[in-house]
Ligand SMILES: Nc1ncnc2c1ncn2[C@@H]1O[C@H](COP(=O)(O)OP(=O)(O)OP(=O)(O)O)[C@@H](O)[C@H]1O
Ligand SMILES: [Mg+2]
């Protein structure tokens, strides 16, 4: 039997600073190698929190449950160790870092991963070659690497740069937090094509989105509906169409409470 | 201010070599003008206590200084910078260590003591014209002691073929030495010049004072780039004043980096005296341990349509303290002034402190003046972002602190200076040693 790539069991998460606030209220989710799962849900339902918890953000406390990655407990690992083990979070809001060039940043990241794996550092020439190949694969302009990390990038450029980073780091689990929001149709295609180019039967994705449209391009094996910290329904890709049509009302969410959903 | 009579001031008793009559008169006017040393009650010195300077028994003569070799000079000058080099050791000009060749047609670059003889007229005409704008007791003290430093004169349209670097090297001496370097840089119409003031030490525990005044006078459409690299011993004192006077359409860029020193005061006082002049004031101060780094900017717009840009950043660690006072004065006549001031500080420890105060004095009505001061820590969101790409926390933090520091380096024309500063940052910033930085 294949080991799941990611297995979340009965996960409960509270705010570290304010434990009276429970955001994730018991989630179970199993992602097998090569699968694409999508999570949809109204604003504030806990999607980004789940993504950040998987990436190791310290603002949150896991009060119950477990997260296994390749069968190993993930919760004791820091964000850097998780990244080096193959988890990649494409941020909903990538952070602008003035003063650090994208090139310098990615060189450090690639070599950090190699050190983690006990491999030698790559020299500048080998790194450049690697970056060029990935820039071509993901269809981002190589010039982007000369700019500071995300600084002054348009919304679309930021999202594309995230996907590019995943390709560069060769991660096995991509958690895409609204990688489609703010993208025009062409950029959406580019991002989706980039993701699809990485699908190889081994690599998996957890795609968080508000729009069914993205899922026309990145076709999911499973769709989950997250409402108020719980997965209230799971199904195939047709579930996304159903949500697009009926909204979240059938799940007990009233319109005003989700004002701005999908905005 | 402390009355001179109350406190014996050893610094004023240091004999200086006799000069021509006009210079003696200049000095003696300064002596009689000297208001005494500032205290914390003086607004301009509110955050900087200079008692440790006043209590240091500075001696007039240097005894038992270690000798400085040509190798030492190579070691401390800006690496790979092809500069015309004037070397001072403990305040004394060292022709044997200097490498100040001809800089091309129309360019004079000399130690000031020589210029006093060879270019008396130019000196007499310009000395004190920029620094007189805004008197500070230490400037007056420098006036009273003026004897050596750098003199540069660039004729209209001329351009030195290399940057001019004044390297002040301090060594451990038996008794603390006070020096009062005086630099006068006069750049003619449509001429260009790049001048570096570079303060270094060969002994990390040397105690001394450098009280330097640099006057920079830019004629119409002149372009000047000035650097102050302060790498003094952390037991030393450095007071540096850069007084700038800009005529119409001149462009002056000033870059200051404070790294060393126990108590450092950095005054930058440009006067935009001609229309459409442009001034950039770029600075970085990086403190640790007990260092005290005080920056006092006073940008005066005295003509219409000028632009000034102040970008100062501080990084303070341990128990160090940074001060930034940014005053912008806009005269009534200076309509269409465009002034920006930004002071951003990063604190790396709980005990580090920064006092930042913007001060605007605006007498014109059609101006654009923006200012902002922030003090914060390394951004946790950014640390998480970097860690989520596999960088360890120390590396993530070091990169972010370095990036904060290095932002202003991009504004510097001289790449060898940027490289030197990158290396200095890696040396000084916590955890930065593992970083591989390309400049
Ligand atoms: N660090 C935090 N501090 C305080 N509240 C938080 C924090 N992180 C999340 N929350 C709260 O938890 C809830 C879930 O937030 P989350 O960002 O996970 O929602 P989301 O499903 O990603 O929403 P959206 O669709 O708008 O991106 C929200 O009510 C949010 O305000
Ligand atoms: Mg979200």
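The separation of segment A:163-195 from segment A:66-86, counted between C-alpha centres, amounts to 22 Å. Protection proxy ranking of A:137-146, B:386-395, by the mean of other Cβ atoms within 10 Å over each peptide's residues and highest first, is B:386-395, A:137-146.
Put in order of Cβ neighbour count within 10 Å, fewest first, the listed residues B:279, B:306 become B:279, B:306.
Counting only helical runs of four or more DSSP H residues, what would the 222 nm mean residue ellipticity of chain A come to if each run contributes -39,500 (n - 2.57) and the total is spread over all its residues?
Details: 8 runs with 90 residues, N = 263.
It lands at -10500 deg cm²/dmol.
If you scale each eigenvalue of the Cα gyration tensor by 5 and take the root, what three semi-axes come out for segment B:161-288, rounded to whole angstrom and sorted largest first? Walk me through the numbers on the way to the answer.
Values: eigenvalues 174, 35, 26 Å².
Semi-axes (√(5λ), whole Å): 29, 13, 11.
With the alpha-carbon atoms of segment B:299-421 aligned to their principal axes, the span from lowest to highest coordinate is 56, 33, 25 Å, starting with the largest. Taking one quarter of the surface of the C-alpha convex hull of segment A:85-161 gives a mean projected area of 5.3 nm².
Once the Kirkwood radius over Cα pairs is known for segment A:6-258, the Stokes-Einstein relation at 25 °C and 0.890 mPa s delivers a diffusion coefficient of 131 µm²/s.
Just to check, using Stokes-Einstein with a Kirkwood Rh over alpha carbon pairs, what's the diffusion coefficient of segment B:10-274 at 10 °C and 1.306 mPa s in µm²/s?
Numbers: Rh = 18.5 Å.
Once the numbers are plugged in, D ends up at 86 µm²/s.
Separation of segment A:224-243 from segment A:101-115 is 37 Å, based on Cα centroids.
Over its Cα atoms, what ratio of radius of gyration to 2.2 N^0.38 Å does segment B:13-95 give? Mind dumping the intermediate values first?
Values: Rg = 18.2 Å, N = 83, 2.2 N^0.38 = 11.8 Å.
Its radius of gyration relative to the 2.2 N^0.38 Å reference: 1.54.
The mean number of Cβ atoms from other chains found within 10 Å of a Cβ in peptide B:157-166 is 0, as a whole number. Computed from the C-beta positions of residue A:200 and residue B:371, the FRET efficiency with R₀ = 51 Å rounds to 0.40.
Using only the alpha-carbon atoms, how far is helix A:155-169 inclined from the longest principal axis of chain A? Give it as 0 to 90 degrees, nearest 10. Approximately 70 degrees, to the nearest 10. When the Debye formula is applied to the Cα atoms of the protein assembly as shown, each taken as the same point scatterer, what base-10 log of I(q)/I(0) results at q = 0.12 Å⁻¹? These q points yield log10 I(q)/I(0) values of -1.18.
When the alpha carbon coordinates of segment B:378-439 are projected onto the principal axes, the ranges are 35, 20, 16 Å, largest first. Using Cα centres only, tell me the gap between segment A:117-154 and segment B:167-224 in whole Å. Between the Cα centres of segment A:117-154 and segment B:167-224 lies a distance of 43 Å. Remark: spin-label model distance residue B:393-residue A:254 equals 4.4 nm, labels positioned 7 Å along the Cα→Cβ axis. Which of A:115, A:240, A:90 moves most in a GNM of chain A, Cα contacts under 10 Å? Of A:115, A:240, A:90, the most mobile in the Gaussian network model is A:115. Directionally averaged projected area (segment A:10-55, Cα convex hull): 3.8 nm². The long axis of helix A:185-198 is offset from the longest Cα principal axis of chain A by roughly 80 degrees.
Expressed in units of 2.2 N^0.38 Å, where N is the residue count, the Cα radius of gyration of segment B:152-198 is 1.56. Enter the angle in degrees (range 0 to 90, nearest 10) between the Cα long axis of helix A:124-138 and the first principal axis of the Cα atoms of chain A, meaning the one along which they spread out most. In chain A, helix A:124-138 runs at an angle near 40 degrees to the longest axis. Peptides A:208-219, B:101-112, B:426-437, B:138-149, ordered by how many other C-beta atoms sit within 10 Å of their residues on average, highest first, read B:138-149, A:208-219, B:101-112, B:426-437.
How big, on average over all directions, is the shadow cast by the Cα convex hull of segment A:175-246, in nm²? Before the final figure, lay out the partial values.
Values: hull surface 20.7 nm².
Result: a mean projected hull area of 5.2 nm².
Over all distinct Cα-Cα pairs of segment B:95-197, the Kirkwood formula returns a hydrodynamic radius of 14.9 Å.
Restricting to the protein assembly as shown, compute how many DSSP beta bridges are antiparallel as a %, nearest 5. List each step's numbers first, then the result.
Values: 31 of 180 bridges.
The antiparallel proportion sits near 15 percent.
Computed from the coordinates by the stated procedures, all read-outs in this text should not be read as laboratory data. Keep in mind it's a predicted model, so treat the numbers as computed, not measured. Virtual Cβ from ideal backbone geometry, glycine too; neighbours counted across all protein chains shown.
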